[in-house]
Amino acid sequence: MSGDLEIHRFPTRVEGAFVNAYLVETESSVIAVDGLLTVSAAREMRAGLDRLGKPLGAVLVTQSHPDHYAGLAEVVAGSDVPIVAPQGVIDTISADDAIKDQIIGPMFGDEWPAQRVFPNTPIRDGESLTFDDVKFTVIDLGPSESPHDSPWVVGDDEKIVFLGDQIYDHQHCYLADGFYAEWLANIGQLRARFPDDAVFHIGHGGPVGSEMWEWQRGYIELFVDTVSNADWSEPEQAKATVVAEMKAYEPSDELQFLMELSIEPIAAKLGLVAPTA
Ligand SMILES: [Zn+2]
(Lines give C-alpha, C1' and ligand atoms only; values in the text may rest on other atoms or scores of the structure.)
Protein backbone atom coordinates (compact mmCIF):
# COMPACT_ATOMS: atom_id res chain seq x y z
CA MET A 1 0.00 0.00 0.00
CA SER A 2 1.21 3.48 -0.71
CA GLY A 3 -0.61 6.45 0.71
CA ASP A 4 -1.62 9.70 -0.92
CA LEU A 5 1.12 11.83 -2.32
CA GLU A 6 1.65 14.72 -4.66
CA ILE A 7 4.89 15.24 -6.58
CA HIS A 8 6.17 18.77 -7.24
CA ARG A 9 9.05 19.18 -9.66
CA PHE A 10 11.63 21.99 -9.48
CA PRO A 11 12.52 24.20 -11.15
CA THR A 12 8.98 24.64 -12.44
CA ARG A 13 10.13 26.04 -15.79
CA VAL A 14 11.30 23.17 -17.98
CA GLU A 15 13.51 25.46 -20.05
CA GLY A 16 16.73 23.61 -20.81
CA ALA A 17 15.57 20.76 -18.58
CA PHE A 18 19.02 20.98 -17.11
CA VAL A 19 18.33 19.39 -13.76
CA ASN A 20 15.28 18.39 -11.71
CA ALA A 21 14.60 17.80 -8.05
CA TYR A 22 11.32 16.94 -6.37
CA LEU A 23 9.22 17.68 -3.33
CA VAL A 24 6.95 14.77 -2.47
CA GLU A 25 4.04 16.00 -0.39
CA THR A 26 2.38 13.48 1.91
CA GLU A 27 -0.51 14.15 4.25
CA SER A 28 1.55 15.82 6.95
CA SER A 29 5.08 16.19 5.61
CA VAL A 30 7.27 16.89 2.61
CA ILE A 31 10.15 14.70 1.40
CA ALA A 32 12.74 16.21 -0.94
CA VAL A 33 14.39 14.08 -3.61
CA ASP A 34 17.74 15.62 -4.61
CA GLY A 35 18.79 19.26 -4.25
CA LEU A 36 19.53 20.84 -7.66
CA LEU A 37 22.70 22.59 -8.82
CA THR A 38 22.28 26.35 -8.90
CA VAL A 39 21.55 28.81 -6.11
CA SER A 40 18.52 30.29 -7.88
CA ALA A 41 16.93 26.91 -8.67
CA ALA A 42 17.52 25.70 -5.11
CA ARG A 43 15.97 28.90 -3.71
CA GLU A 44 12.91 28.36 -5.90
CA MET A 45 12.63 24.85 -4.48
CA ARG A 46 12.97 26.17 -0.94
CA ALA A 47 10.25 28.75 -1.61
CA GLY A 48 8.05 25.92 -2.91
CA LEU A 49 8.69 23.99 0.29
CA ASP A 50 7.80 27.00 2.43
CA ARG A 51 4.58 27.48 0.43
CA LEU A 52 3.48 23.91 1.11
CA GLY A 53 3.61 24.74 4.81
CA LYS A 54 4.45 21.22 5.96
CA PRO A 55 7.64 20.13 7.73
CA LEU A 56 10.49 18.70 5.66
CA GLY A 57 10.84 15.10 6.84
CA ALA A 58 13.98 14.09 4.94
CA VAL A 59 16.02 14.59 1.81
CA LEU A 60 16.64 11.49 -0.32
CA VAL A 61 19.64 11.60 -2.67
CA THR A 62 19.67 9.60 -5.93
CA GLN A 63 23.36 9.78 -6.79
CA SER A 64 26.76 11.36 -6.21
CA HIS A 65 27.00 14.09 -8.88
CA PRO A 66 26.87 17.76 -7.75
CA ASP A 67 23.71 18.55 -9.73
CA HIS A 68 21.88 16.30 -7.25
CA TYR A 69 23.22 17.73 -3.96
CA ALA A 70 24.93 21.12 -4.45
CA GLY A 71 21.79 23.19 -3.82
CA LEU A 72 20.81 21.36 -0.65
CA ALA A 73 22.19 24.03 1.68
CA GLU A 74 19.42 26.35 0.41
CA VAL A 75 16.75 23.67 0.61
CA VAL A 76 17.51 22.59 4.18
CA ALA A 77 18.74 25.94 5.59
CA GLY A 78 17.66 26.40 9.20
CA SER A 79 16.51 22.81 9.65
CA ASP A 80 18.23 19.72 10.83
CA VAL A 81 16.67 17.07 8.59
CA PRO A 82 18.32 13.78 7.70
CA ILE A 83 19.85 13.80 4.20
CA VAL A 84 19.74 10.13 3.32
CA ALA A 85 21.86 8.10 0.89
CA PRO A 86 23.83 4.86 0.83
CA GLN A 87 27.29 5.07 2.41
CA GLY A 88 28.88 4.79 -1.04
CA VAL A 89 27.09 7.94 -2.21
CA ILE A 90 28.14 9.77 0.96
CA ASP A 91 31.75 8.64 0.55
CA THR A 92 31.86 9.61 -3.14
CA ILE A 93 30.49 13.09 -2.48
CA SER A 94 32.89 13.62 0.43
CA ALA A 95 35.83 12.53 -1.73
CA ASP A 96 34.91 14.36 -4.95
CA ASP A 97 33.31 17.63 -3.82
CA ALA A 98 36.58 19.60 -3.62
CA ILE A 99 37.51 18.81 -7.23
CA LYS A 100 33.94 19.44 -8.42
CA ASP A 101 34.14 22.80 -6.64
CA GLN A 102 37.27 23.66 -8.65
CA ILE A 103 35.74 22.59 -11.98
CA ILE A 104 32.10 23.65 -11.68
CA GLY A 105 32.53 26.70 -9.46
CA PRO A 106 34.15 28.85 -12.18
CA MET A 107 31.59 27.65 -14.75
CA PHE A 108 28.63 28.87 -12.69
CA GLY A 109 30.08 31.79 -10.72
CA ASP A 110 27.60 33.15 -8.15
CA GLU A 111 25.10 30.46 -9.13
CA TRP A 112 27.39 27.74 -7.71
CA PRO A 113 26.52 27.23 -4.04
CA ALA A 114 29.54 28.39 -2.03
CA GLN A 115 28.38 26.32 0.90
CA ARG A 116 27.38 22.72 0.24
CA VAL A 117 25.92 20.19 2.64
CA PHE A 118 26.42 16.48 2.13
CA PRO A 119 24.20 13.50 2.89
CA ASN A 120 24.53 12.79 6.61
CA THR A 121 22.41 9.67 7.15
CA PRO A 122 23.47 6.36 5.58
CA ILE A 123 20.93 3.75 4.53
CA ARG A 124 21.46 0.21 3.28
CA ASP A 125 20.22 -1.33 0.06
CA GLY A 126 16.55 -2.29 0.32
CA GLU A 127 15.89 -0.32 3.50
CA SER A 128 12.86 1.99 3.63
CA LEU A 129 11.69 5.21 5.24
CA THR A 130 7.96 5.80 5.72
CA PHE A 131 6.20 9.16 6.02
CA ASP A 132 2.49 8.99 6.72
CA ASP A 133 1.61 5.92 4.63
CA VAL A 134 4.17 6.57 1.94
CA LYS A 135 7.15 4.20 1.90
CA PHE A 136 10.41 5.08 0.13
CA THR A 137 12.86 2.22 -0.48
CA VAL A 138 16.43 2.77 -1.67
CA ILE A 139 18.23 0.72 -4.32
CA ASP A 140 22.00 0.90 -3.75
CA LEU A 141 23.23 0.45 -7.33
CA GLY A 142 26.92 1.23 -6.84
CA PRO A 143 28.66 2.70 -9.90
CA SER A 144 26.32 3.46 -12.79
CA GLU A 145 25.81 6.88 -14.41
CA SER A 146 27.83 8.40 -11.56
CA PRO A 147 30.39 6.69 -9.30
CA HIS A 148 27.57 5.75 -6.93
CA ASP A 149 23.85 5.80 -7.67
CA SER A 150 20.78 5.19 -5.52
CA PRO A 151 17.27 5.35 -7.00
CA TRP A 152 14.30 5.48 -4.61
CA VAL A 153 11.10 3.49 -5.11
CA VAL A 154 7.69 4.45 -3.69
CA GLY A 155 5.36 1.86 -2.17
CA ASP A 156 5.22 -1.89 -2.66
CA ASP A 157 3.80 -1.77 -6.18
CA GLU A 158 6.92 0.17 -7.31
CA LYS A 159 4.96 2.20 -9.86
CA ILE A 160 6.54 5.51 -8.83
CA VAL A 161 10.33 5.60 -9.02
CA PHE A 162 12.80 8.42 -8.46
CA LEU A 163 15.35 7.05 -10.85
CA GLY A 164 18.06 9.72 -10.76
CA ASP A 165 20.04 9.61 -14.01
CA GLN A 166 19.60 5.94 -14.98
CA ILE A 167 17.49 7.24 -17.89
CA TYR A 168 17.89 10.55 -19.71
CA ASP A 169 14.78 11.85 -21.50
CA HIS A 170 16.03 12.12 -25.09
CA GLN A 171 18.99 14.21 -24.03
CA HIS A 172 22.67 13.58 -24.44
CA CYS A 173 24.25 11.67 -21.62
CA TYR A 174 27.23 11.97 -19.32
CA LEU A 175 29.44 8.90 -19.54
CA ALA A 176 32.71 10.47 -18.42
CA ASP A 177 32.93 8.56 -15.14
CA GLY A 178 33.46 5.45 -17.27
CA PHE A 179 31.05 3.00 -15.65
CA TYR A 180 29.15 2.19 -18.83
CA ALA A 181 29.35 -1.58 -18.29
CA GLU A 182 27.88 -1.24 -14.80
CA TRP A 183 25.24 1.18 -16.10
CA LEU A 184 24.18 -1.30 -18.80
CA ALA A 185 24.00 -4.13 -16.25
CA ASN A 186 21.90 -1.95 -13.94
CA ILE A 187 19.55 -1.10 -16.81
CA GLY A 188 19.04 -4.82 -17.40
CA GLN A 189 18.15 -5.41 -13.75
CA LEU A 190 16.00 -2.31 -13.28
CA ARG A 191 13.91 -2.77 -16.41
CA ALA A 192 13.09 -6.32 -15.32
CA ARG A 193 12.19 -5.17 -11.81
CA PHE A 194 9.56 -2.50 -12.39
CA PRO A 195 6.03 -2.95 -13.77
CA ASP A 196 5.41 -1.87 -17.38
CA ASP A 197 3.26 1.06 -16.22
CA ALA A 198 5.84 2.44 -13.76
CA VAL A 199 6.46 6.19 -13.92
CA PHE A 200 10.09 7.27 -13.68
CA HIS A 201 10.84 10.70 -12.24
CA ILE A 202 14.36 11.41 -13.44
CA GLY A 203 17.19 13.88 -12.95
CA HIS A 204 16.92 15.62 -16.33
CA GLY A 205 13.53 15.99 -18.04
CA GLY A 206 10.79 13.40 -17.80
CA PRO A 207 8.81 11.85 -16.31
CA VAL A 208 9.28 8.86 -18.61
CA GLY A 209 7.94 5.32 -18.89
CA SER A 210 9.43 1.87 -19.42
CA GLU A 211 9.83 2.43 -23.16
CA MET A 212 12.85 4.65 -22.45
CA TRP A 213 14.99 1.77 -21.12
CA GLU A 214 15.58 0.65 -24.70
CA TRP A 215 16.54 4.15 -25.86
CA GLN A 216 18.97 4.49 -22.95
CA ARG A 217 20.58 1.07 -23.52
CA GLY A 218 20.95 1.87 -27.22
CA TYR A 219 22.51 5.27 -26.49
CA ILE A 220 25.20 3.84 -24.20
CA GLU A 221 26.02 0.92 -26.50
CA LEU A 222 26.25 3.14 -29.57
CA PHE A 223 28.45 5.65 -27.75
CA VAL A 224 30.93 3.01 -26.63
CA ASP A 225 30.94 1.32 -30.07
CA THR A 226 31.45 4.60 -31.87
CA VAL A 227 34.30 5.69 -29.61
CA SER A 228 35.87 2.21 -30.04
CA ASN A 229 35.62 2.27 -33.82
CA ALA A 230 36.77 5.86 -34.41
CA ASP A 231 40.23 6.48 -35.89
CA TRP A 232 42.12 7.89 -32.91
CA SER A 233 45.21 8.67 -35.00
CA GLU A 234 43.21 11.83 -35.82
CA PRO A 235 41.70 12.77 -32.43
CA GLU A 236 39.72 15.80 -33.59
CA GLN A 237 38.22 13.84 -36.48
CA ALA A 238 37.48 10.94 -34.11
CA LYS A 239 35.58 13.26 -31.76
CA ALA A 240 33.62 14.80 -34.64
CA THR A 241 32.66 11.31 -35.82
CA VAL A 242 31.37 10.37 -32.38
CA VAL A 243 29.34 13.58 -32.10
CA ALA A 244 27.82 13.07 -35.56
CA GLU A 245 26.85 9.45 -34.82
CA MET A 246 25.29 10.35 -31.47
CA LYS A 247 23.36 13.24 -33.02
CA ALA A 248 22.03 10.84 -35.64
CA TYR A 249 20.75 8.63 -32.78
CA GLU A 250 19.44 11.54 -30.72
CA PRO A 251 18.99 14.76 -32.74
CA SER A 252 18.38 16.95 -29.68
CA ASP A 253 21.01 19.54 -28.78
CA GLU A 254 20.14 19.26 -25.10
CA LEU A 255 23.03 18.39 -22.82
CA GLN A 256 25.23 17.74 -25.87
CA PHE A 257 28.16 19.16 -23.91
CA LEU A 258 27.86 16.29 -21.43
CA MET A 259 28.27 13.78 -24.25
CA GLU A 260 31.20 15.73 -25.71
CA LEU A 261 32.89 15.82 -22.29
CA SER A 262 32.58 12.03 -22.16
CA ILE A 263 34.35 11.15 -25.42
CA GLU A 264 37.98 11.41 -24.29
CA PRO A 265 37.47 9.74 -20.91
CA ILE A 266 35.83 6.75 -22.59
CA ALA A 267 38.53 6.64 -25.27
CA ALA A 268 41.09 6.65 -22.44
CA LYS A 269 39.21 3.94 -20.56
CA LEU A 270 39.25 1.84 -23.73
CA GLY A 271 43.01 2.41 -24.06
CA LEU A 272 42.65 4.35 -27.34
CA VAL A 273 44.20 7.59 -26.08
CA ALA A 274 46.40 8.47 -23.13
CA PRO A 275 44.50 9.63 -20.04
CA THR A 276 44.51 13.44 -19.79
CA ALA A 277 44.30 14.18 -16.09
ZN1 LIG B 1 22.19 14.55 -13.06
Taking region 194-218 and keeping residues within 15 Å of the ligand (Cβ to nearest atom) and either part of a helix (DSSP H, G or I) or in contact with a Cys (Cβ under 7 Å, 6 or more places away or on another chain) (or both) leaves Gln216
The condition of being aliphatic (A, V, I, L, M) and within 15 Å of the chain's Cα centre (by Cα) holds, among Val138, Val117, Val154, only for Val138
So, first residue polar (S, T, N, Q) in region 27-49, second residue open to solvent by less than 10 Å² (accessible area, probe 1.4 Å) and modelled with pLDDT of 95 or more, Cβ within less than 7 Å, six or more apart or across chains; the pairs are Thr38/Gly71
Open item on the list: If I filter region 197-212 for residues that are surrounded by fewer than 17 Cβ atoms within 10 Å (Cβ to Cβ), touching a helix residue (DSSP H, G or I) at 6+ places or on another chain (Cβ under 8 Å) and of a type outside the set (Val, Ile, Thr), do I get at least one hit?
Closed with: yes
Across region 58-74, the tally of residues that are more than 16 Å from the ligand (Cβ to nearest atom) and outside any strand (DSSP E or B) stands at 2
Somewhere in region 103-120, is a residue crowded, with 20+ Cβ neighbours inside 10 Å and over 15 Å from Asp67 (Cβ atoms)? no
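Only one of Leu222, Leu190 is away from the ligand (no atom under 16 Å from the Cβ), under 23 Å from Leu258 (Cα atoms) and free of Cβ contacts under 8 Å to residues at least 60 places away in the same chain. Can you tell me which?
Details: Leu190 fails: under 23 Å from Leu258 (Cα atoms).
One residue alone meets the criteria, Leu222.
Considering each of Ser128, Ser94, Ser79, Ser150 in turn, give the residue that is among the hydroxyl-bearing types (Ser, Thr, Tyr) and farther than 23 Å from Ala42 by Cβ. Show your work before the answer.
Numbers: Ser94 fails: farther than 23 Å from Ala42 by Cβ; Ser79 fails: farther than 23 Å from Ala42 by Cβ; Ser150 fails: farther than 23 Å from Ala42 by Cβ.
Sole residue among the options that is among the hydroxyl-bearing types (Ser, Thr, Tyr) and farther than 23 Å from Ala42 by Cβ: Ser128.
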Of the residues in region 76-93 that are within 16 Å of the ligand (Cβ to nearest atom) and in a helix (DSSP H, G or I), the one that is most open to solvent (accessible area, probe 1.4 Å) is Thr92
Among the residues of region 42-62, the number that are on the phi < 0 side of the Ramachandran plot and either open to solvent by 50 Å² or more (accessible area, probe 1.4 Å) or at pLDDT below 95 (or both) is 7
Those residues of region 230-252 which are open to solvent by 50 Å² or more (accessible area, probe 1.4 Å) and in contact (Cβ under 8 Å) with a residue 24 or more places away in the chain amount to Pro235, Tyr249
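Before we move on, is Tyr168 closer than 18 Å to Leu258 by Cα and open to solvent by 10 Å² or more (accessible area, probe 1.4 Å)?
Values: closer than 18 Å to Leu258 by Cα: yes; open to solvent by 10 Å² or more (accessible area, probe 1.4 Å): no.
Against the criterion (closer than 18 Å to Leu258 by Cα and open to solvent by 10 Å² or more (accessible area, probe 1.4 Å)), Tyr168 does not qualify.
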Those residues of region 28-44 which are more than 17 Å from the chain's Cα centre (by Cα) and not in a strand (DSSP E or B) amount to Ser28, Ser29, Val39, Ser40, Arg43, Glu44
Just one listed residue, out of Asp67, Asp80, is acidic (Asp, Glu) and free of Cβ contacts under 8 Å to residues at least 40 places away in the same chain, and it is Asp80
Scanning region 125-147 residue by residue, the ones that are closer than 17 Å to Val59 by Cα and open to solvent by less than 30 Å² (accessible area, probe 1.4 Å) total 5
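The values are calculated or read from the model by the stated rules, or taken from the named source; none is laboratory data. Predicted, not measured: the structure shown is a model, and the values here were computed from it. When we count neighbours, we look across all protein chains shown, and the Cβ atoms used for this are built from the backbone with ideal geometry, even at glycine. Accessible surface areas use protein heavy atoms only, side chains included; no ligands, DNA or RNA. Shrake-Rupley method; radii C 1.70, N 1.55, O 1.52, S 1.80 Å.
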